[in-house]
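Since the structure comes first, as structure tokens, the remarks are kept for the end.
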Amino acid sequence: MLDARQLQALSAVVEHGSFSAAAKALALTVAAVSLRVRALETQLGQRLVVRGKQVRATPAGQALLAHVKQVQLMEADLLERLRGSDDQRWQSVPVAINADSAAAWFLPGVADLLARQRLLLDLTIDDQDHTHELLKNGTVIGCVTTRADPMRGCVAEPLGIMRYRCVAAPAVVARARTPQGRLTPHRLLALPAVIFNRKDALQDVWLERHFGLRQARYPRHFTPAVDAFERVIELGLGWGMVPELHLAQRTGKPPLEEVIPDAVVDVALYWQHWEREPPTAQRLTRAIRDAARAALLPLPAPHETQG
């Protein structure tokens with residue numbers, strides 16, 4: 001039988017990244033937290049965390065943390081049924097999602113469920129190519145990701161396509177063109193790109209797809225906030241990849257112009273979650289699936305996909 005206090009200590013250490021931060025969060029001494037984690041490792045006969053400047057879970061620790069989160073949600077669902085709807089408690093649901101999806105369709109799509117079911121959203125924002133790592137290490141119960149193959153013990157549900165267009169302020173687009181009106185890569189790459197963060201590779205995908213350029217060099221602004229990202233583009237400071245969904249919602253804002261009309265990048269998104277979900281997580285999955293179906297472009301049928 002696993003000790004609940006030891007599991008709580010392990011979860012806190014991994015979540016906060018250090019024994020001292022975990023001790024502060026649990027109102028314990030560092031020694032007490034360390035002893036609980038070591039006792040759990042001794043019981044299971046293997047290391048659960050890699051100790052260092054930034055503590056991280058081992059594969060065994062990741063599997064155990066995912067189990068802990070499942071048990072916590074199942075216990076919360078059971079207590080809700082036992083107490084009845086009149087005494088419904090708040091539950092936390094940790095998920096990982098890319099910033100563009102969060103702003104455009106995810107939050108509007110799950111808001112009603114969160115309010116009705118008294119769910120507390122614990123949202124981690126990360127690039128869509130990297131969110132699955134947070135599910136893998138047990139930090140979240142599900143993630144919006146580009147990874148189509150389900151991870152061990154998980155299901156990958158197709159959500160749809162998020163379409164991106166390369167845009168800039170009209171004056172920037174004009175500077176990227178020759179006096180004869182022809183856009184050239186040389187002129188474009190002399191201008192800064194506006195990039196969400198250092199994990200964001202959409203602009204490189206766009207350059208390779210539409211100009212055949214790989215590992216192109218160009219100046220870059222990094223603005224890891226959706227509103228600030230688009231504002232930097234509006235101000236004429238550079239060009240960048242903006243979701244079509246966001247462009248459709250820009251009523252009353254300064255105009256943005258496509259650098260190359262209809263030269264898009266389509267990103268296929270999936271909802272990866274536990275194969276065995278407690279009821280609360282199942283309701284969240286349904287809400288995410290419905291929200292994506294209403295907002296995103298449909299994924300092509302398997303026979304339409306070209307290799």
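Details
- Every residue from the range 141-162 that is under 12 Å from the mean Cα position of the chain (by Cα), among the hydrophobic types (A, V, I, L, M, F, W, C) and either surrounded by fewer than 17 Cβ atoms within 10 Å (Cβ to Cβ) or closer than 20 Å to residue 246 by Cβ (or both): 144
- Residues of the range 41-73 satisfying the condition of being closer than 14 Å to residue 14 by Cα, among the aliphatic types (A, V, I, L, M) and not in a loop (DSSP other than H, G, I, E, B): 49, 50, 57, 60, 63, 64, 65, 66, 68
- Residue within the range 263-284 that is in contact with a strand residue (DSSP E or B) (Cβ under 9 Å, 6 or more places away or on another chain), at pLDDT below 95 and at positive phi present: no
- Top-ranked residue of the range 14-24 - restricted to ones that are modelled with pLDDT under 90 and part of a helix (DSSP H, G or I), ranked as farthest from residue 67 (Cα to Cα): 16
- In the range 203-233, the residues that are aliphatic (A, V, I, L, M), modelled with pLDDT under 95 and within 24 Å of the chain's Cα centre (by Cα): 225, 226, 228
- Answer from 184, 146, 178 - the residue that is of a type in the set (Ser, Thr, Tyr) and at pLDDT 95 or above: 146
- Evaluating residue 110 against the criteria (1) part of a loop (DSSP other than H, G, I, E, B); (2) in contact (Cβ under 8 Å) with a residue 40 or more places away in the chain; (3) not small (Gly, Ala, Ser) leaves one unmet condition, (1).
- 2 or more residues surrounded by 21 or more Cβ atoms within 10 Å (Cβ to Cβ): qualifying helices (runs of 4 or more DSSP H) within the range 199-282: 202-211, 226-234
- Flag if residue 95 is modelled with pLDDT of 90 or more, outside any strand (DSSP E or B) and under 20 Å from residue 293 (Cα atoms): no
- Failed item, numbered, when residue 15 is tested on (1) within 20 Å of residue 75 (Cα to Cα); (2) in contact (Cβ under 8 Å) with a residue 60 or more places away in the chain; (3) of a type outside the set (A, V, I, L, M, F, W, C): (1)
- All positions within the range 179-198 that are more than 28 Å from residue 127 (Cβ to Cβ) and surrounded by 10 or more Cβ atoms within 10 Å (Cβ to Cβ): 184, 187
- Residue check for residue 129: free of Cβ contacts under 8 Å to residues at least 40 places away in the same chain and surrounded by fewer than 23 Cβ atoms within 10 Å (Cβ to Cβ): no
- Annotation: residue 162 fulfils all but one of (1) part of a strand (DSSP E or B); (2) more than 20 Å from residue 225 (Cβ to Cβ); the unmet one is (2).
- Total residues in the range 250-277 satisfying the condition of being among the polar types (S, T, N, Q) and free of Cβ contacts under 8 Å to residues at least 60 places away in the same chain: the figure is 1.
The values are calculated or read from the model by the stated rules, or taken from the named source; none is laboratory data. A quick note: this is a predicted structure, and the numbers were derived from the prediction, not measured. Methodologically, a virtual Cβ is constructed for each residue, glycine included, from the backbone with ideal geometry; neighbour enumeration extends over all protein chains shown.
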